[in-house]
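The values are calculated or read from the model by the stated rules, or taken from the named source; none is laboratory data. From a predicted model like this one, the values you see are computed outputs, not experimental measurements. All Cβ positions, even for glycine, are placed from backbone atoms using ideal geometry, and neighbour counts span all protein chains on display. Quick note on the areas: whole protein, heavy atoms, side chains included, nothing else; ligands and nucleic acids left out. Shrake-Rupley method; radii C 1.70, N 1.55, O 1.52, S 1.80 Å.
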Amino acid sequence: MSLILDLIFPKTCFGCGKTGQYFCPKCQLKIKFHSVKHSSDFPKEGRLSLFYYHGLIRQSIQSFKYNFVIDLVDEITDIFTQKISQTYPHLISYWQQNNFVLTPIPLHYHRQNWRGFNQSVLLGQSIAQKLNLNFSDQILFRSKHTYSQAKFKTQSKRLQNLYQAFTPILPLPSNIIVFDDVASSFSTLNSALNSLKPFGLNRCWYLTLAG
């Protein structure tokens, strides 16, 4: 079936338009990467938004979310997990040894019903599997329907939009990696963490595809 779809709707590189794959080897070399940022804000230990959110990465994520190009998940998470494993092997080992659970930012059911999927769940599942990490999408519940954060230009408006947007599903694991596709101001991840803090969370990391 996939061969038939590839013939009818061939994959084209988001960078140069070459057919065959979404990220051709030449364009992969142009991808820019962030580094880990450590934190002193308990219980958050650090954050990593691996890709810069521009160029073919931005185009690919927008095509995934808004044009439903779901079959790019495997390619983009391959690039992501290979880079993070090569650059931060000790961080991956630390997460594995301390039983961190990767959990995606949930969508409100109205938005998920409209889209048909949660992009952070699909990406997070693939990343967790490839990095041999625990995964659960039953840790956070989106209890408030919010507007897209892109609509708000100020931090105060973003925070107001996300106020009490998340409810934890108890009991919580001790150590959590909160995952989302893109982070700009980190308002969404901060709101999620604030909902988890009162319930015995020990350690937390933020991980996003891009930022």
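Quick rundown of the values:
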{"read-out": "The range 170-194, residues that are surrounded by fewer than 18 Cβ atoms within 10 Å (Cβ to Cβ) and among the hydroxyl-bearing types (Ser, Thr, Tyr)", "value": "Ser174, Ser184, Ser185"}
{"read-out": "Residue selected from the range 100-132 under the condition of a type in the set (A, V, I, L, M) and in a helix (DSSP H, G or I), by the criterion nearest to the chain's Cα centre (by Cα)", "value": "Leu123"}
{"read-out": "Hits in the range 31-68 - residues which are free of Cβ contacts under 8 Å to residues at least 40 places away in the same chain, under 16 Å from the mean Cα position of the chain (by Cα) and either surrounded by 14 or more Cβ atoms within 10 Å (Cβ to Cβ) or more than 24 Å from Trp205 (Cβ to Cβ) (or both)", "value": "Gln62, Tyr66"}
{"read-out": "Whichever residue in the range 167-207 is touching an Asp or Glu at 6+ places or on another chain (Cβ under 7 Å) and assigned to a helix (DSSP H, G or I) and, among such residues, is modelled with the highest pLDDT", "value": "Leu189"}
{"read-out": "Selection from the range 93-109 of residues that are open to solvent by 30 Å² or more (accessible area, probe 1.4 Å) and in contact (Cβ under 8 Å) with a residue 40 or more places away in the chain", "value": "Asn98, Asn99"}
{"read-out": "Check on His90, surrounded by fewer than 13 Cβ atoms within 10 Å (Cβ to Cβ), touching a residue at least 24 places away in the same chain (Cβ under 8 Å) and either part of a helix (DSSP H, G or I) or among the hydrophobic types (A, V, I, L, M, F, W, C) (or both)", "value": "no"}
